[in-house]
Amino acid sequence: MSRAHDPVPLARPVLGAAEEQAVLEVLRSGHLSLGPRVPAFERAFAARVGAAHASAVSSGTAGLHLALRAIGVGEGDEVVTSPLSFVASANAVLYERARPVFADVDPITLNLDPGAAAAAVTDRTAAVLPVHIFGYPADLPAFERMSLPIVEDACEALGAVHADGTPVGGRGHPAVFGFYANKQLTTGEGGMVTMASSAHKEQVDSERNQGRAPDMGWLDHDRLGFNYRLSDIASAIGIAQLDRLDAMLAARATVAGWYRESLAALVSEYGLTLPCDDRDGDVRGWFVFVVQVPHGTDRDDTIRGLGERGVSAKAYLPAIHLMSFYRERFGHRPGEFPVCEDITARSLALPFFPDMTRDQVERVATALTEALQPSRTT
Ligand SMILES: Cc1ncc(COP(=O)(O)O)c(C=O)c1O
């Protein structure tokens, strides 16, 4: 039970008796890894997003790495992607000594802008890697018209649906989900690659397990691989979480609706920007509630002000190309992707989790109203 003065955390997973029971059963079975829960989780997940195949992996990052390898991205290739993402989507490209080529984002959806992506294509472009950022579906039909291989970063987008009714992850391209503790579904750490191609499935399954094919003998390996396996303990938690996914997604959507009501005055009076509404039939899979403070307001002061009032908030997300590693490695400078830079400089994530109460949302709204006033710089 939360009390008026309890701090409001940024995120909190919903875990209960079903997950506890599922973990106990695995512990008692003694089959902690490479057991039956992994394929069971994969089948249930594939069915959920309408994919022919799914491969469970140890993280979203691992899944991105294997998905890029599956479509043949290699040394010297370029992959066009979004600078407004978690750093893993670009890092995974670098693991294969390919180069992430950034293109600017759409100012409303915050997803990779298909026009900008097309303009970034060169004769070295091997793939496009759109990110369904903050759970909002990227414009896949537009990227599909570019006729390049696609890997989708769906780490933040479980539950999202494209305008044509296809769930994100069900279009056939390798699509990668993440199950870190703040995600719509969590296994603590973990990930899933969904895909249409059985050849891709075979390669991902082999490479996550040190390059061993399913019909090979123990400790025989016919290619280079990694240890990117997901354990049976984690898979059992994933199965239990899938059972409650609809309820958790609905609860997140309800909390988002409360935020829209409670923050309406800040939108009209202060120019606060909220996550975009669903447009043209696309449906967001709610992951985070990220707002943009108006121009002339100091975002970091706002976060500090929220913290002083017991409300956790974070700058989310920073632009990847302006991170020190990317600046030093590739010479990126401010001004290259003005839409992304403007938005990332003003964005912050507010507390957001399925069992957040209306009272907590009101407290965040009150704290934000107070925090925004002194942080106006003009
Ligand atoms: C957009 C995006 N891509 C990739 C990842 C990486 O996932 P993981 O942390 O499971 O490796 C995340 C997760 O935080 C993410 O939000």
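The values are calculated or read from the model by the stated rules, or taken from the named source; none is laboratory data. Nothing here was measured: the structure is a model prediction, and the numbers come from that model. Cβ placement follows ideal geometry from the backbone for every residue including glycine, while neighbour counts extend to all protein chains displayed. Just so you know, the surface numbers come from the protein's heavy atoms only, side chains and all, with ligands and any DNA or RNA stripped out. Shrake-Rupley method; radii C 1.70, N 1.55, O 1.52, S 1.80 Å.
General remarks:
- Subset of the range 319-378 [at positive phi and open to solvent by less than 50 Å² (accessible area, probe 1.4 Å)]: GLY331
- Scanning the range 117-147 for residues that are over 28 Å from LEU249 (Cα atoms) and without any contact (Cβ under 8 Å) to a residue 40 or more places away in the chain gives ALA117, ALA118, ALA119, ASP123, ARG145, MET146, SER147.
- Filtered residue count, the range 169-189, keeping only those that are out of contact with any strand residue (DSSP E or B) (no Cβ under 7 Å at 6 or more places or on another chain) and either within 12 Å of the ligand (Cβ to nearest atom) or part of a strand (DSSP E or B) (or both): 7
- Filter pass, ALA98 being open to solvent by less than 10 Å² (accessible area, probe 1.4 Å) and more than 14 Å from the ligand (Cβ to nearest atom): yes
- In the range 132-168, the residues that are more than 11 Å from the ligand (Cβ to nearest atom), within 16 Å of the chain's Cα centre (by Cα) and among the acidic types (Asp, Glu): ASP139
- Criterion (out of contact with any Ser or Thr (no Cβ under 6 Å at 6 or more places or on another chain), hydrophobic (A, V, I, L, M, F, W, C) and open to solvent by 30 Å² or more (accessible area, probe 1.4 Å)) met by exactly one of VAL93, VAL121: VAL121
- A count restricted to the range 144-160 and to residues that are surrounded by 24 or more Cβ atoms within 10 Å (Cβ to Cβ) and of a type in the set (A, V, I, L, M, F, W, C) stands at 6.
- Evaluation of ALA116 against the conditions (1) touching a Phe, Trp or Tyr at 6+ places or on another chain (Cβ under 9 Å); (2) open to solvent by 20 Å² or more (accessible area, probe 1.4 Å); (3) in a loop (DSSP other than H, G, I, E, B) shows that the sole unmet condition is (3).
- Listed by first and then second residue, the pairs with beta-carbon distance under 6 Å, at least 6 apart or on different chains, first residue in the range 222-251 and farther than 30 Å from SER206 by Cβ, second in a loop (DSSP other than H, G, I, E, B) and small (Gly, Ala, Ser), are LEU249/GLY159.
- The requirement of being in contact with a helix residue (DSSP H, G or I) (Cβ under 7 Å, 6 or more places away or on another chain) and more than 24 Å from LEU242 (Cα to Cα) is satisfied by ALA142.
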